[in-house]
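Read through the structure below, which is laid out as structure tokens, and then see the notes.
The values are calculated or read from the model by the stated rules, or taken from the named source; none is laboratory data. As the structure is a computational prediction, the values presented were derived from the model and not from experiment. So basically every Cβ, Gly included, is an ideal-geometry build from the backbone, and we count neighbours across all protein chains shown. Calculation scope for accessible area: heavy atoms of the full protein, side chains included, ligands and nucleic acids excluded. Shrake-Rupley method; radii C 1.70, N 1.55, O 1.52, S 1.80 Å.
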There are 2 protein chains.
Amino acid sequence: MARKTKSDTEQTRQQLIAAARKVFALRGVSRTTLAQIANEAGVTRGAIYWHFKNKPDLFFAMLEQVSLPMIHRINENLPAVDPRDPLRGVQASMHEILRLMKEDEIARTTFEIVVLKCEYVDEFASLESRVIKTGCDFMQTLKRAYEEAREQNLLRDGIDPAQCAMESFVFIKGLIHLWLSDVDGTIVRGKAHSLIDAHITMRYKQVLY
Amino acid sequence: MARKTKSDTEQTRQQLIAAARKVFALRGVSRTTLAQIANEAGVTRGAIYWHFKNKPDLFFAMLEQVSLPMIHRINENLPAVDPRDPLRGVQASMHEILRLMKEDEIARTTFEIVVLKCEYVDEFASLESRVIKTGCDFMQTLKRAYEEAREQNLLRDGIDPAQCAMESFVFIKGLIHLWLSDVDGTIVRGKAHSLIDAHITMRYKQVLY
DNA sequence: TTATATACAAACGTGAATGTTTGTAAAGGA
DNA sequence: TCCTTTACAAACATTCACGTTTGTATATAA
């Protein structure tokens, strides 16, 4: 095989990651063969073993490519929406997550793999704590938003910000899972956005029309 | 091998199902070997192939053993808690789900497998529609309860029963997933019950103390 | 210009899981 | 009592994915 230029090499790596994501989503992580991934990328297994140690290594590389920018984006943008009304920020970030899953195929496919096409076991067990940690960070951001909302007298009486944040996180978690499971879109996908609105509305002191 | 009596045969079958559940939860469905299951049950693979067609067949037999009675139980008991206050029924059925996961090891392990140790792909793809269908049935039950609550003037103004039911379902789905992921119990498990209470309280017209 | 490291392809060896077949001791019916 | 069926165990053959090794053309550094 002819040696590639540096940019060609990086391109091969990216093709491998893209191919891995595609086949993982199609066949499930455990059933996908490195040969299938190589074939999808138009190379041989040799290329995979050059760029990655093994399947888990490739898996986490694929994950990292999406998760890091996304986490940053969600948490960063949440407080910036409307400083006068933090609940709008929470609402916007939830809608943003849905938008990502709808319009960003890479993000959607990656979510799909993590939620439905992967077993949290052995080398992939660490994925669990990783997901948990991401969730905790998001919950912290939510908590700050709800505290802010309470200080601005927007939050409904008798609602604890920390508990409220956790419930919102539980809500988003469930929504993502159901959205992904509802492949034909007849149950959840059509109503997801209005569900978010209802979820947020219930947290306002005054119901706004 | 000596032939067993009829009850011995059924016992072998049950041992195989129990062993499968244990190893599935430990190694993940795709990585468990029929030899591992047989070994755990104290028999050989021959016994598995006698009682079941293959691994998916054994998997669904294991599932059926738990899911059918449980679905029946949750949906059946919900309206019967307190006919004067359907929201209490919803609350009780949610607590019941948590109680099952805590105290019933078979139920908990089965949930764990379905949520975290199984890839929804190929022969197991049908599991997805099965889970969806169960969820829709539960949502219907929830919807009836919320409609009943509205008729009794208990439900908060501006809440649509159908949407409220879906949000509760989303909530329970997320709670189950997070509860299972939170293995060391530091994040969700300790607060799950009070989260349910907060979720229900938010739906009442008058906040009850 | 040459030498070396690179970026793979191709071939090899190995273990392991699967489904099947064969063997067999005892249970249950006639 | 004998015969058949049952409920497996044990052995077999096959496939197949993995990790490793070897080969090789070329970009790049010296």
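In region B:50-61, how many are aromatic (Phe, Trp, Tyr), away from every other protein chain (no Cβ under 14 Å) and either more than 7 Å from DNA strand D (Cβ to nearest atom) or part of a loop (DSSP other than H, G, I, E, B) (or both)?
Residues meeting the conditions: 2.
When you check residue A:57 against the structure, is it exposed (fewer than 15 other Cβ atoms within 10 Å of the Cβ), closer than 24 Å to residue A:14 by Cα and more than 15 Å from the chain's Cα centre (by Cα), yes or no? Working first, answer last.
Values: exposed (fewer than 15 other Cβ atoms within 10 Å of the Cβ): yes; closer than 24 Å to residue A:14 by Cα: yes; more than 15 Å from the chain's Cα centre (by Cα): yes.
When the stated conditions are applied, residue A:57 passes them.
For residues in region B:62-96 being under 30 Å from residue B:9 (Cα atoms) and free of Cβ contacts under 8 Å to residues at least 24 places away in the same chain, which is nearest to DNA strand D (Cβ to nearest atom)?
From region B:62-96, those under 30 Å from residue B:9 (Cα atoms) are B:62-73; that's our starting set.
From what is left, the residues that are free of Cβ contacts under 8 Å to residues at least 24 places away in the same chain are B:64, B:68-69, B:72-73.
Working: B:64: 19, B:68: 23, B:69: 24, B:72: 28, B:73: 29 Å.
Applying the filter and picking the extreme gives B:64.
Anything in region A:152-174 that is free of Cβ contacts under 8 Å to residues at least 24 places away in the same chain and either under 19 Å from the mean Cα position of the chain (by Cα) or not assigned by TED's automatic domain parsing to the domain that holds residue A:103 (or both)? List them, or say none. Steps first, please.
Initial filter on region A:152-174 (free of Cβ contacts under 8 Å to residues at least 24 places away in the same chain): A:158, A:160-163, A:167, A:170, A:174.
Matches in region A:152-174: A:167, A:170, A:174.
What number of residues within region B:162-199 satisfy the criterion of being more than 24 Å from residue B:131 (Cα to Cα) and of a type in the set (A, V, I, L, M)? It would help to see each step written out before you state the result.
Within region B:162-199, the subset more than 24 Å from residue B:131 (Cα to Cα) is B:184-187, B:190-191, B:194, B:197-198.
With of a type in the set (A, V, I, L, M) added as a condition, the list becomes B:187, B:198.
Within region B:162-199, residues that are more than 24 Å from residue B:131 (Cα to Cα) and of a type in the set (A, V, I, L, M) number 2.
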Problem set entry | Which listed residue, of A:184, A:157, A:197, is surrounded by fewer than 21 Cβ atoms within 10 Å (Cβ to Cβ), assigned to a helix (DSSP H, G or I) and facing chain B (nearest Cβ under 10 Å) | A:197
For this session: Scan region A:175-209 residue by residue and report those that are without any contact (Cβ under 8 Å) to a residue 60 or more places away in the chain, in contact with a Leu (Cβ under 9 Å, 6 or more places away or on another chain) and within 24 Å of residue B:205 (Cβ to Cβ).
Result: A:195, A:201, A:205, A:206
Exercise. Which condition does residue A:47 not pass, out of (1) of a type in the set (A, V, I, L, M, F, W, C); (2) more than 9 Å from DNA strand C (Cβ to nearest atom); (3) touching a Lys or Arg at 6+ places or on another chain (Cβ under 9 Å), if it passes all the others?
Worked result: (2)
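Hey, among A:119, A:167, A:128, A:112, which residue is touching a His at 6+ places or on another chain (Cβ under 7 Å) and either within 11 Å of another protein chain (Cβ to nearest Cβ) or among the aliphatic types (A, V, I, L, M) (or both)? Reasoning before the result, please.
Numbers: A:119 fails: touching a His at 6+ places or on another chain (Cβ under 7 Å); A:128 fails: touching a His at 6+ places or on another chain (Cβ under 7 Å); A:112 fails: touching a His at 6+ places or on another chain (Cβ under 7 Å).
Matching residue, one of A:119, A:167, A:128, A:112: A:167.
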Seminar exercise, completed: By residue number, the members of region A:141-151 that are in contact (Cβ under 8 Å) with a residue 24 or more places away in the chain and open to solvent by 60 Å² or more (accessible area, probe 1.4 Å) are A:144, A:148
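Results for (1) more than 16 Å from the chain's Cα centre (by Cα); (2) among the polar types (S, T, N, Q); (3) farther than 19 Å from residue B:104 by Cα; (4) modelled with pLDDT of 95 or more, shown as yes or no for each residue.
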| position | (1), (2), (3), (4) |
| --- | --- |
| B:7 | yes, yes, yes, no |
| B:28 | yes, no, yes, yes |
| B:40 | yes, no, yes, yes |
| B:44 | yes, yes, yes, yes |
| B:49 | yes, no, yes, yes |
| B:69 | no, no, no, no |
| B:77 | no, yes, no, no |
For this session: Read through the list (1) within 16 Å of DNA strand C (Cβ to nearest atom); (2) out of contact with any Ser or Thr (no Cβ under 6 Å at 6 or more places or on another chain), then give the number of the only condition that residue A:30 fails.
Result: (2)
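Modelled with pLDDT of 95 or more, part of a helix (DSSP H, G or I) and within 16 Å of DNA strand D (Cβ to nearest atom): is that true of residue B:119 in this structure? Give the derivation first.
Details: modelled with pLDDT of 95 or more: yes; part of a helix (DSSP H, G or I): no; within 16 Å of DNA strand D (Cβ to nearest atom): yes.
So residue B:119 does not fit the description; no.
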Exercise. Which of (1) within 15 Å of DNA strand C (Cβ to nearest atom); (2) out of contact with any Lys or Arg (no Cβ under 6 Å at 6 or more places or on another chain) is the odd one out, the single condition residue B:68 does not satisfy?
Worked result: (1)
Problem set entry | From the options A:96, A:76, A:103, residue that is open to solvent by 20 Å² or more (accessible area, probe 1.4 Å) and either within 17 Å of residue A:21 (Cα to Cα) or outside the structural domain of residue A:153 (by TED's automatic domain parsing) (or both) | A:103
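For the structure I just gave you, tell me whether residue B:148 is more than 30 Å from residue A:128 (Cβ to Cβ) and assigned to a helix (DSSP H, G or I).
Working: more than 30 Å from residue A:128 (Cβ to Cβ): yes; assigned to a helix (DSSP H, G or I): yes.
For residue B:148, the condition - more than 30 Å from residue A:128 (Cβ to Cβ) and assigned to a helix (DSSP H, G or I) - is met.
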